[in-house]
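Data block below; observations after.
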Amino acid sequence: MVLNGAEYNRARAFDYLRQIKGPADMPLARRAAQLSALAVNAAPADAYGWSLLAWSTMLRMEPQIALTALNRSWVLGPDAPLLSADRVLVATGLGLLEPSAATPWQLERLQEDVSNFVIGMPQLAANAASQYPALEAFIQQMPEDL
């Protein structure tokens, strides 16, 4: 299978992000951010590319860029269950799950993504909730009908 430039850069960025285990691996986040930026420049309507850019820039402590990319991913792929886990973890890292941190629009997106995450990847969601108290609290306060 031959990948176009955006798909190739997106795939490489994801591979770099998966290799990050700690602070010593932050050069991988830099490279992932570069590749993600190339991917969204080549395919600006790609919600997945924006999600990767949000993830990589959040790890690089660039919260404004990460938040802009996360919002763009939500706009382009509001109902994208495959992106839910990544977006929930980025939102957690950006502090959006804290009370009053998210806008009403972001809160709607977060509720949808958290619901998809919990239903689609229950074990990973449970592990994440046990590591991130804000995520656990967010899940507990979500309406039952989501």
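Rule-based calculations on the coordinates, nothing more; no lab input. Remember, it's a predicted structure, so these values are computed and weren't measured experimentally. Because the Cβ atoms are built from the backbone with ideal geometry, glycine has one as well, and the counts that use them run over all protein chains shown.
If you go through region 84-117 and keep only what is surrounded by fewer than 18 Cβ atoms within 10 Å (Cβ to Cβ) and closer than 22 Å to residue 17 by Cα, you end up with just 95. Looking at this structure, is residue 36 under 18 Å from residue 95 (Cβ atoms) and within 14 Å of the chain's Cα centre (by Cα)? So residue 36 fails the test.
Count, please, the residues in region 85-123 that happen to be among the aliphatic types (A, V, I, L, M) and under 14 Å from the mean Cα position of the chain (by Cα). Number satisfying all stated conditions: 10. Listed conditions (1) crowded, with 16+ Cβ neighbours inside 10 Å; (2) out of contact with any Lys or Arg (no Cβ under 6 Å at 6 or more places or on another chain) are all met by residue 81, apart from (1).
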